[in-house]
Each structure stands twice: as C-alpha cells, then as structure tokens.
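Trainee: Before we start, here is the structure in question, set down as structure tokens.
The values are calculated or read from the model by the stated rules, or taken from the named source; none is laboratory data. It should be emphasised that the depicted structure is a prediction, and the values quoted were computed from it without experimental measurement. Neighbour counts are summed over all protein chains in view; Cβ atoms, including those assigned to glycine, are modelled from backbone coordinates with ideal geometry.
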Amino acid sequence: MKEGIVVLSSKQLEALIEEVVERILQQTNSPTVPEEWLSLKEACAYLTVSKPTLYRMRLNGVLKGRTIGRKVLFRRSELDAFLEKC
C-alpha cells in the first residue's frame with residue numbers, strides 16, 4: 001500500500017467521520033450516555049410515590065429494582081418508560 005497525502009474536502013471528511021462513528025456505534029451496540037441509577041428515595045421523589053407504594057410496584061413486577069448489597073436502585077430510563085405508559 002502506498003503512503004501519501006490524501007486531500008479531502010470538508011464535506012468528504014465530515015461524511016467519512018459520520019460513517020466511522022456509525023460503524024463503531026453499531027459494533028459496540030452500547031448507549032452513548034451512561035445509564036443513570038436512582039436510589040429508592042430518589043425514585044420515590046421522581047415518581048412522587050411513597051416508599052411502600054414503590055416497594056409494592058417492584059414486588060408486583062411493575063418496576064424492576066436492582067438490589068446491590070442492601071440498596072435498591074432503579075434505572076431512570078425504566079422510570080421514564082413507566083411514566084410514559086401512565
């Protein structure tokens with residue numbers, strides 16, 4: 001392969017960068033923004049419900065909470081999806 005200087009217009013360079021970024025995102029298949037987790041107290045405030053109500057929603061499978069040690073955490077995206085359904 002010959003090495004040399006490649007000349008691209010700004011539009012060509014932009015298109016090339018967009019293509020590369022799209023390929024990388026497809027390969028990694030991961031979100032570009034890290035997932036935000038809320039504590040039980042934060043989730044209650046976010047949904048404007050009491051702790052017993054949130055516990056009941058989790059027990060009934062309405063919402064998924066993850067237990068890590070003694071803490072229960074909720075994904076903000078799942079809470080947003082729940083709010084959109086209501």
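Trainee: Any idea how many residues of the range 40-64 are out of contact with any Asp or Glu (no Cβ under 9 Å at 6 or more places or on another chain), surrounded by 13 or more Cβ atoms within 10 Å (Cβ to Cβ) and not in a helix (DSSP H, G or I)?
Mentor: The total comes to 1.
Trainee: Let me ask another. Going through the range 1-27 one residue at a time, which ones are part of a loop (DSSP other than H, G, I, E, B) and loosely packed, with under 10 Cβ neighbours inside 10 Å?
Mentor: The answer is 1, 2, 3, 4, 5, 6, 7, 9.
Trainee: Could you list all residues from the range 74-86 that are out of contact with any helix residue (DSSP H, G or I) (no Cβ under 8 Å at 6 or more places or on another chain) and not charged (D, E, K, R)?
Mentor: 77, 81, 86
Trainee: Let me ask something else. Do the conditions hold for residue 36, that is, is it in contact with a strand residue (DSSP E or B) (Cβ under 9 Å, 6 or more places away or on another chain), at pLDDT 95 or above, surrounded by 11 or more Cβ atoms within 10 Å (Cβ to Cβ) and charged (D, E, K, R)?
Mentor: Answer is no for this residue.
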